[in-house]
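Q: Just passing along the structure, written as structure tokens.
Taken together, the values in this text are just the output of simple stated rules run on the coordinates, not laboratory data. As the structure is a computational prediction, the values presented were derived from the model and not from experiment. Heads up, the Cβs are rebuilt from the backbone with ideal geometry, glycines too, and the neighbour counts pull from every protein chain shown.
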Amino acid sequence: MQVVQTFNSGASFATSATMSATTAGNTIVVCVTDYNAGASMYPLSSPTIGTSPGVTWPGTTLLQFSQSPDVSSQSVGEAIWLIPNIPSGITNIQCGNFVNGNFASIAGCEVSGLGNAPLLDGVVANGSGNSSSLASGNTGATSAPSGFVFGCSVGYALQTNEPSAPWVNLGSMGNTYTTAGYQLSAAASSTFDYTTTSTGGGNAVWAAGCVVIKPNNVKWQVLQSAVAPCHIGTAIEANPVTLASNCSSGSTLIAYVQVNVSGSNSITSVKDDLGNSFTRLTDFEQSAGTNAELAIYILATPTADVGRKPTITVTTNHVNTLAGGILVQEVSGIMAGTDGSPSDLTGTAAGSVGSLGYTSTLTEEFLVSYYCDIESSTFFATPPLDGVMNRRASIAQAVVAIK
């Protein structure tokens, strides 16, 4: 495991950073901080890589998020993101839509040796307060013999000292209100925290976080994703999705479909532009032919699609009538079949979605959970870190493991 390079957005506030060209298969770990004149500071969208506006790379994961208390309508927040198995040649990263961007900072590392699907090790450390000492708290004991440790902190108009060794500091960003750093874990049962202090000893609201990431490889990889979002007034037949890159031999295409239904079993087919039909894995409705229909379809990438960018179209039994959206993934290392029967869950009331109770039997499967919220003005009542999703109207969710 090795840190290939570090990057940050500089002394001024900025929503992007540049780096040397990345190496394929490495991992980016990045923190984003920002300020808001109020209490709400959800990390609404993930960082993007490549020339602005960039793309959200498959597997990009929010590892940690912390927000300060709201004191006199002032609050700050920080988030740590993981971008695994990156492509080569990336020189730009953007922080996404955090709060307002006017006071944002971004910093991170490119790391080799974490594998194509790194995992969290131990407990995510979240800290916040209103004082002169900024501390993430303890990550808890690690399980792996090696790992990558990353921490960051941000204070409101609070210039801070960077922590001492063994932390390797990435520099102070955003008028020295944000600091970030890393170290390498060399033994199991280790614990870590990220702590900084105010340079002047004054008190202010702050947030801090620390994570440990352990190496991990899986046999499957998400090669690419493409989406055609639902647009009310546009029939799903007129809303196909085209993959952005050529398909690879031996891969599998998975289509996640949502239709605003007006009758039972509305979806009649999912096909590529050469007429190859996807096979249905699960298809169910929120409430007896009303509101929401969700489906997952699968297709072993046909030989004729290898080396080209197929377009995927959904057809319903109400042609050119029902609105809907489709997301398609190309995944390597899996077969076009499931482990056990898919599970589904529906409801209408606000609150926790609950557990689907799905059980798989094999290791290294591609496990997916697909959620839809129809006619909702607020998708999440709280950040999704705690697993609680807010249901404002008709919802549906499915989970399945693909072997």
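Q: Can you give the local net charge around LEU243? Use residues other than it whose beta-carbon is closer than 11 angstrom to its beta-carbon, Lys and Arg +1, Asp and Glu -1. Can you show the working numbers first?
A: On the way: positive: ARG308, LYS309; negative: ASP272, ASP273, ASP305, GLU330.
In short, -2.
Q: Separation of segment 106-142 and segment 52-73 by C-alpha centroid, Å?
A: 13
Q: Distance in nm between label sites at THR268 and THR61, each 7 Å beyond Cα in the beta-carbon direction?
A: In this crude spin-label approximation the distance works out to 4.1 nm.
Q: What does the charge add up to near GLN329, with Lys and Arg as +1, Asp and Glu as -1, over the other residues with Cβ less than 15 Å from its Cβ? Don't skip to the end; give the middle numbers.
A: Working: positive: LYS309; negative: ASP272, ASP305, GLU330, GLU365.
For residues surrounding GLN329, the net value is -3.
Q: What ranking do HIS318, HIS231 get, fewest neighbouring Cβ atoms within 10 angstrom at the top?
A: HIS231, HIS318
Q: Still on this structure: Hey, rough spin-label estimate for VAL218 and THR191, points 7 angstrom out along Cα→Cβ, what's it come to in nanometres?
A: If labels sit at VAL218 and THR191, their model points lie 3.1 nm apart.
Q: Can you give the extra length, in nm with one decimal, that the chain gains between MET335 and THR321 once fully stretched, where that is 0.36 nm per residue apart less the Cα-Cα distance?
A: 1.7 nm
Q: Order these by the 10 Å Cβ neighbour count, fewest first: ASP305, ASP283.
A: ASP283, ASP305
Q: Same structure, new question: What residues have an amide H closer than 5 Å to that of GLY115, excluding those fewer than 5 places away on the same chain, when H is modeled at 1.01 Å from N in the peptide plane?
A: Distant-sequence amide H within range of GLY115: ASN216.
Q: Give the order of GLU110, GLU162, GLU293 when sorted by the count of other beta carbons within 10 angstrom, beginning with the fewest.
A: Fewest-to-most Cβ neighbours within 10 Å comes out as GLU162, GLU110, GLU293.
Q: In Å³ and rounded to a whole number, note down the convex hull volume per residue for the Cα atoms of segment 74-203.
A: That works out to 118 Å³ per residue.
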